[in-house]
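> What follows is a structure written as structure tokens; I'll ask about it next.
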């Protein structure tokens, strides 16, 4: 994971990205249409937002989750729905499991954080049994699909730097397809996922950004006047309905395939 994007605050991440993950994740799981009673692995499980949905919707026989952040894992383990899940701190490029240990492995909103995506995909394939499912979804970073793209756009226009994951290109749908087919996975399919989230008002939107990890280091380094200018520019870009609510749209790319028999 990229140290510049501090994915450690489980509660803050839940508000900032966990809710987005579940919105996109619902469509993703519908698309996977998995059987019940599978052994699942959630790679980069973070605070357990997607893992919780997986348990509630897919009736797994077992669930394991790995993530590099102890704080995020602690938050995941605290979720009542995940009391029987197994979590451990580990690297996506060196999974601590034997071959054929799982029936399905997923990487939700994680592939662009993996420094060597082909190695990460190879690890997924290694730990899933022949015929098992390997799948992922990721925000279309290059195509403007990130949930807070309006903020990123304004920051770029103002010359304000912000941290980027190490492998943003890995979120492109053609790259995802190449990673899966190039890794020897078969029956590979891809699709786009659109996610919409409504904020109560602009303050709700802005406060959500402030508790998230992605932009915190940039904001901490900025004079307060620059933050105020940025906030004003973002406010102009976002449309409110008659009740002051703000509806934001994001887009993710998804991929799935099977381990060759």
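What follows draws every value from the coordinates through simple rules; no lab data is involved. The structure presented is a predicted model; accordingly, all values stated were derived computationally and were not measured. Glycine also receives a Cβ, built like all others from the backbone with ideal geometry; neighbour counts cover every protein chain displayed.
> How do the peptides 130-141, 85-96 rank, highest first, by the average count of neighbouring beta carbon atoms within 10 Å per residue?
Details: 130-141: 23.1, 85-96: 16.6.
Put in order of decreasing packing, that is 130-141, 85-96.
> Could you work out how far the C-alpha centroid of region 54-124 sits from that of region 150-173, in angstrom?
Cα centroid of region 54-124 versus Cα centroid of region 150-173: 26 Å apart.
> What's log10 of I(q)/I(0) for region 94-200 at q = 0.10, 0.14, 0.17 Å⁻¹, Debye sum over Cα points only, no solvent?
-0.34, -0.62, -0.84
> Right, here's the next one. For the chain, give me the percentage of DSSP beta bridges that are antiparallel, rounded to the nearest 5 percent. Please report the intermediate quantities before stating the final value.
On the way: 21 of 39 bridges.
In the chain, approximately 55 percent of DSSP beta bridges are antiparallel ones.
> A further question on this structure: Ignoring everything except DSSP H segments at least 4 long, calculate the 222 nm mean residue ellipticity for the chain; use -39,500 (n - 2.57) per segment, divide by total residues, nearest 500. Let's see the in-between values first.
Working: 10 runs with 96 residues, N = 261.
Estimated from H runs of four or more residues: -10500 deg cm²/dmol.
> Another question, if that's okay. Bins of 5 Å, beginning at zero and ending with the bin holding the largest distance: percent of Cα pairs per bin for region 10-258, please.
Calculated P(r), rounded to whole percents: 1, 6, 13, 18, 19, 16, 11, 7, 5, 2, 1, 0.
> Using Cα atoms only, what is the angle between the long axis of helix 202-211 and the major principal axis of the chain, expressed in degrees (0 to 90) to the nearest 10?
So the helix axis and the longest Cα principal axis differ by about 60 degrees.
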